[in-house]
Amino acid sequence: MAVQLTIVGLGQIGTSVGLALAEEGERIFRMGHDRELRAARRAEKLGALDKVSINLLSAVENADLVLLALPVDQIRETLEAFKDDLKPAAVVMDTGPVKQTVSSWAADLLPEERYYVGLTPVLNPVYLHDIDSGAEAAHPDLFRDGLVGIVSPPGTPSEAIKLAADLTRLLGATPLFADPIEMDGLVAATHILPQLMAAGLLNSTVDQPGWQEGRKIAGRSYAEVTAPVMYPSEPSTLSTAAMLNKENVIRVLDGAVAAINAIRSDLSNDDVKTLEERLNRAREGRQVWLNGRLAANWAADETTSVEPPTASEVFGRFIGRGKKKND
């Protein structure tokens with residue numbers, strides 16, 4: 001008997017999950033739903049899904065696992081819409097950037113015997129400089145040699161947590177267990193901050209005096225540094241993520257402002273030596289990070305290498321545990 005995985009949201013992440021599990025064949029039935037039917041049909045055409053459902057409730061009613069690969073500003077309303085149609089023992093996971101808030105939503109909305117585990121995917125380093133988005137940017141190896149942060153509320157059954165870890169390994173990634181507070185802090189510094197800083201640079205240059213000529217000479221550095229502001233499909237997605245994680249975001253913004261002010265102080269004081277030391281420290285730090293990221297080996301000291309499980313091993317314990325409410 002196949003386990004049903006329902007993927008809600010068929011952009012790059014959701015479609016890539018479906019593609020990564022394609023080789024599992026009949027062991028996993030991949031149901032897909034997206035509020036834009038064209039996106040779901042595109043994912044199906046790519047081979048990421050076994051079936052598309054245009055109705056959200058129908059898509060989740062038989063699901064053993066529901067994966068919400070959605071912008072964070074769509075997660076709560078989606079949970080509210082299908083919460084009463086989940087069968088007992090179903091597990092809901094999400095790939096959004098704000099775990100404390102989504103965890104609290106799940107606690108408030110999910111009925112008893114339906115569980116939540118949060119995932120934070122860190123992509124294959126091969127795609128570090130890939131700025132494409134949507135299903136067209138999906139890859140079956142998008143998660144290979146990456147990490148998936150796993151967070152779970154207190155009281156989450158160990159089987160649900162193990163399901164998240166085993167699914168992570170099926171995707172070719174390494175599980176990284178973290179507290180929701182810790183994960184939100186890490187995401188604020190490494191994802192939200194670069195996007196907000198890109199917005200700040202753009203707003204300090206575009207349409208400012210001199211931009212009419214400056215835009216003509218802006219080159220690779222400007223393009224690369226400002227690109228992160230385009231990664232969320234809509235500005236509301238970034239603003240919502242920042243607001244829901246505002247304490248951490250304000251903290252890392254303060255740190256970034258302090259670092260910029262330190263550089264400004266060096267310039268104001270004609271302190272060439274200190275400025276060069278700061279720049280060298282930054283270059284060295286980036287190189288150390290990039291080398292480790294490309295090698296994809298920095299979890300080695302914390303995580304024992306484990307052979308990826310089979311789909312039967314991952315989902316077997318969940319099959320038959322829960323029946324639909326009307327059964």
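The values are calculated or read from the model by the stated rules, or taken from the named source; none is laboratory data. These numbers were taken from a predicted model, which means no experiment stands behind them. Using ideal geometry, Cβ is built from the backbone for each residue, glycine included, and neighbour counts are taken over all protein chains shown. The protein model used for the area step is the full one, side chains on, heavy atoms only, and it has no ligands, DNA or RNA in it. Shrake-Rupley method; radii C 1.70, N 1.55, O 1.52, S 1.80 Å.
Sum up the charges of everything whose Cβ sits under 14 Å from the Cβ of Lys99, counting Lys and Arg as +1 and Asp and Glu as -1, but leave Lys99 out.
Spelling it out: positives minus negatives among the neighbours equals -4.
Residues of the chain: accessible area per residue at 1.4 Å, in Å²?
Using a 1.4 Å probe on heavy atoms only, each residue of the chain averages 54 Å².
In the chain, which longest range has no GluC sites (Glu not before Pro) that are both DSSP loop (not H, G, I, E or B) and surrounded by at most 14 other Cβ atoms within 10 Å?
114-301
Along the charge dipole of the chain, pointing to its positive end and built from +1/-1 on Cβ of Lys, Arg, Asp and Glu, which listed residue (His139, Asn55, Gly185) has its Cα farthest out?
The one lying farthest along the dipole's positive direction is Asn55.
Roughly what % antiparallel, to the nearest 5, for the DSSP beta bridges in the chain?
15
Based on DSSP H runs of at least 4 residues, each adding -39500 (n - 2.57), what is the mean residue ellipticity at 222 nm of the chain after dividing by all its residues, to the nearest 500 deg cm²/dmol?
Value at 222 nm, helices only: -14000 deg cm²/dmol.
Do you know the Lys pair count in the chain for C-alpha distances under 14 Å, with sequence separation 8 or more or different chains?
The number of close lysine pairs in the chain is 6.
Pick from Asn203, Asn261, Asn269 the residue whose mean-square fluctuation is largest in a GNM of the chain, springs joining Cα atoms under 10 Å.
With Cα springs under 10 Å in the chain, the top fluctuation among Asn203, Asn261, Asn269 is at Asn269.
Could you put Leu5, Leu193 in order of accessible surface area, largest first, with the 1.4 Å probe and the full protein assembly present?
Leu193, Leu5
In percent, what relative contact order does the chain have, based on Cα pairs under 8 Å that are 6 or more apart in sequence?
Computed value for the chain: 19 percent relative contact order.
When the dipole is taken about the Cα centre of the range 13-157, and only Lys, Arg (+1) and Asp, Glu (-1) are charged at their Cβ, what size is it in debye, to the nearest 20?
Here the size comes out at about 100 debye.
Using a 10 angstrom cutoff on alpha carbons, build the Gaussian network for the chain and name the most mobile of His191, His129, His33.
With Cα springs under 10 Å in the chain, the top fluctuation among His191, His129, His33 is at His129.
Need one value: the accessible area of Met197 in square angstrom, 1.4 angstrom probe, rounded to the nearest 10.
So the heavy atoms of Met197 present about 90 Å² to solvent.
Please report, in whole Å, how far the alpha carbons of the range 1-152 spread along each principal axis, starting with the longest.
Cα extents, longest axis first: 40, 31, 28 Å.
With charges set only on the Cβ (+1 for Lys and Arg, -1 for Asp and Glu), what does the dipole of the range 1-92 come to about its Cα centre, in debye to the nearest 20?
240
When the chain is treated as a GNM, springs tying every alpha-carbon pair under 10 Å, which of Gly25, Gly210, Gly47 comes out with the largest mean-square fluctuation?
Sorting by GNM fluctuation, first place goes to Gly210.
Below 8 Å between Cα atoms, with a sequence gap of 6+, how large is the relative contact order for the range 80-136 in percent?
40
Kirkwood Rh, Cα Rg: Rg to Rh for the chain?
1.01
Quick one: compute the contact order of the range 164-261, relative version, from alpha carbon pairs under 8 angstrom and 6+ residues apart, as a percent.
Relative contact order here is 39 percent.
Distance from the Cα centre of the range 147-199 to that of the range 240-292, in angstrom?
25
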